[in-house]
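Below is one structure, written out as structure tokens, with a few remarks after it.
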Amino acid sequence: MSARDISEVSTPKAPQAIGPYSQAVRAGDFVFLSGQIPIDPETAAIVSGGIGEQTGQVMKNIGAILASIGLSFDDIVRTEVYLKNMSDFPLMNETYAAFFPGSTKPARATIEVSRLPRDVLVEISCIAYLAKD
């Protein structure tokens, strides 16, 4: 793989990077999405509510980045979920699952962390595969 096979992916329909990173990077047949937190891209504010609302916004942000390059949740092969409190796992899992109605779910790791950016309850990163038809 050469440098020309690596490109930045960005859309105004998801929160803009707030540091020295990209929303996502395409490398060959894979797209690596940076961790998304529950920021509403229209207001740049953290969504109100609990883990269900925050997980929903995170997933919408992921969906917007994927859609910007013609992908969907069906193209995700791996996710990493970071939770402020593992007690939130059942409701996060219920909200998350609604975005993966297909029979093949992505591989996943879920990790409890002591703190997340802007003190949110959840952050999710993922890897998608650009299937060749």
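Name every residue in the stretch 91-133 that is hydrophobic (A, V, I, L, M, F, W, C), part of a helix (DSSP H, G or I) and loosely packed, with under 13 Cβ neighbours inside 10 Å, in order of residue number. Within the stretch 91-133, 97 is the sole residue that qualifies.
The requirement of being over 30 Å from residue 5 (Cα atoms) and surrounded by fewer than 12 Cβ atoms within 10 Å (Cβ to Cβ) is fulfilled nowhere in the stretch 66-74; no residue meets it.
What do you reckon, is residue 81 closer than 14 Å to residue 116 by Cβ, among the β-branched types (Val, Ile, Thr), part of a strand (DSSP E or B) and touching a strand residue (DSSP E or B) at 6+ places or on another chain (Cβ under 7 Å)? In short, yes.
Can you name every residue in the stretch 26-66 that is within 22 Å of residue 77 (Cα to Cα), outside any helix (DSSP H, G or I) and either within 10 Å of the chain's Cα centre (by Cα) or polar (S, T, N, Q) (or both)? Answer for the stretch 26-66, where residues must be within 22 Å of residue 77 (Cα to Cα), outside any helix (DSSP H, G or I) and either within 10 Å of the chain's Cα centre (by Cα) or polar (S, T, N, Q) (or both): 32, 33, 34, 35, 36, 37, 38. Consider residue 21 carefully, then state whether it is surrounded by 15 or more Cβ atoms within 10 Å (Cβ to Cβ) and not hydrophobic (A, V, I, L, M, F, W, C). Here the answer is no, as residue 21 does not meet what is asked.
In summary, residue 47 fulfils each of the numbered conditions (1) in contact with a Pro (Cβ under 9 Å, 6 or more places away or on another chain); (2) in contact (Cβ under 8 Å) with a residue 12 or more places away in the chain; (3) not acidic (Asp, Glu) with the single exception of condition (2). Residue pairs whose Cβ atoms lie under 7 Å apart, separated by 6 or more positions or on different chains, with the first residue in the stretch 87-114 and acidic (Asp, Glu) and the second surrounded by 13 or more Cβ atoms within 10 Å (Cβ to Cβ), are 88/51; 88/121; 112/83.
None of 41, 20, 12 is without any contact (Cβ under 8 Å) to a residue 40 or more places away in the chain and under 18 Å from residue 121 (Cα atoms) except 41.
None of the figures in this text is laboratory data; all of them are computed from the coordinates on show. If you're wondering where the values come from, they're calculated on a predicted model, not measured in any experiment. As a convention, Cβ positions derive from the backbone with ideal geometry for all residues, glycine included, and neighbour counts pool all protein chains shown.
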